Amino acid sequence: VRIAEEFKQRRADEVARSKRKGAGGGAYDATQVAKDAALADSGAGGDEKQTRRNDPFWFIQMLRTELSNNEFAYMNVADSEGTSFDPYNLRIVPFNEVNPANHYTISEAGVTHSFRKGKQEFAEFTPLAQWESECHLFQEVMEIPFFNRYHAWKSYYVWKKNIQSDKMTLCKQVLTTNLFILNTTFQPSLMRVRRLCVQLSKLRLHDIKHNKSYSLAEFEETQVAHRTATCQLLLIFFEEVRVAVQEACDKAIAIFEAEIAAADMAATDPLGVQQDHQLHPRGGLHRPLYPPRPAHELTRGLV
């Protein structure tokens, strides 16, 4: 079976080579060779052989063994979606599938890269031996874990930074909207209570001086006096905290009552609402064209 397969393969290659040489050389047609191979193989292993014939290294081997010197082939980037960076991941394509904006040609002389930048076209030529050497070095470098995992690491890093930035932005918005210390009504009282707490934290529950000896009576007298003074300071602290909280609550209630009174006045004063929200003839709302006159002008004729 193996001998028969090798014979079929050799026969298909000879048929394709004879056809190309009879035409005097030219562009390598991967599609035509694949068809000849498929006919010779009778449909067995056609996909695998088609993939192998699209490989530029297989074409380089054929150039050095069987193809004529005038043969060349067109190549496109295999990973056209750009999910990975590999400038040597190419595949041979027929002429009608060539990407005009970015394609390669390979021959016995070397590899030519043709590409466009805007409206200008450029071409870069690399000798075949140099291209093979650089391809081998690139594959060796990509085996290093840092370069091999770089794309996955970079994508994860960018995703992580974006998620952190979104969370920080959301937290800033929540704090700006709901942070209690930024409320103009409660901020003075909160700062006042914080200042009192800092002062209270400096108090000590005992009064013992270093490098001094106490008798039992002196120690007891000193600590009793210190306790009395500390209790007085605690009472002052509690009273000042109560006053600060009371002032904040009174201010908040006053603002709330003022808002309720304004809403009730707007609801019970249709004339004022009508003046402030007069309908425009063409639709929509606008402020009154003539502002209301002061009260002393309205009562001037009645006095």
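The residue that is least open to solvent (accessible area, probe 1.4 Å), among those in segment 204-248 that are among the polar types (S, T, N, Q) and in a helix (DSSP H, G or I), is Thr230. Say whether the condition of being farther than 30 Å from Thr185 by Cβ, open to solvent by 90 Å² or more (accessible area, probe 1.4 Å), modelled with pLDDT of 55 or more and among the hydrophobic types (A, V, I, L, M, F, W, C) is met by at least one residue in segment 270-284. Yes, there is a match, as at least one residue in segment 270-284 is farther than 30 Å from Thr185 by Cβ, open to solvent by 90 Å² or more (accessible area, probe 1.4 Å), modelled with pLDDT of 55 or more and among the hydrophobic types (A, V, I, L, M, F, W, C).
Here is a yes/no grid of residues against (1) modelled with pLDDT of 80 or more; (2) open to solvent by 50 Å² or more (accessible area, probe 1.4 Å):
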residue: Ala37; (1), (2): no, no
residue: Phe59; (1), (2): yes, no
residue: Met62; (1), (2): yes, no
residue: Phe72; (1), (2): yes, yes
residue: Leu90; (1), (2): yes, no
residue: Pro94; (1), (2): yes, no
residue: Asn99; (1), (2): yes, yes
residue: Gly110; (1), (2): yes, no
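Here Tyr104 meets the list (1) part of a strand (DSSP E or B); (2) open to solvent by 60 Å² or more (accessible area, probe 1.4 Å) almost entirely, failing just condition (2).
Test Leu170 against the criterion of being among the hydrophobic types (A, V, I, L, M, F, W, C) and in a loop (DSSP other than H, G, I, E, B), and give yes or no. Against the criterion (among the hydrophobic types (A, V, I, L, M, F, W, C) and in a loop (DSSP other than H, G, I, E, B)), Leu170 does not qualify.
Out of Thr185, Thr177, I need the residue that is open to solvent by less than 60 Å² (accessible area, probe 1.4 Å) and more than 15 Å from Pro87 (Cα to Cα). Which one? Step by step, each of Thr185, Thr177 is checked, and only Thr185 is open to solvent by less than 60 Å² (accessible area, probe 1.4 Å) and more than 15 Å from Pro87 (Cα to Cα).
The values are calculated or read from the model by the stated rules, or taken from the named source; none is laboratory data. Everything numeric in this text was worked out from a predicted model, so none of it was measured. Cβ atoms come from the backbone with ideal geometry, glycine included; neighbour counts cover every protein chain shown. For the accessible areas, the whole protein counts, side chains as well, though only heavy atoms, and no ligand, DNA or RNA atoms are used. Shrake-Rupley method; radii C 1.70, N 1.55, O 1.52, S 1.80 Å.
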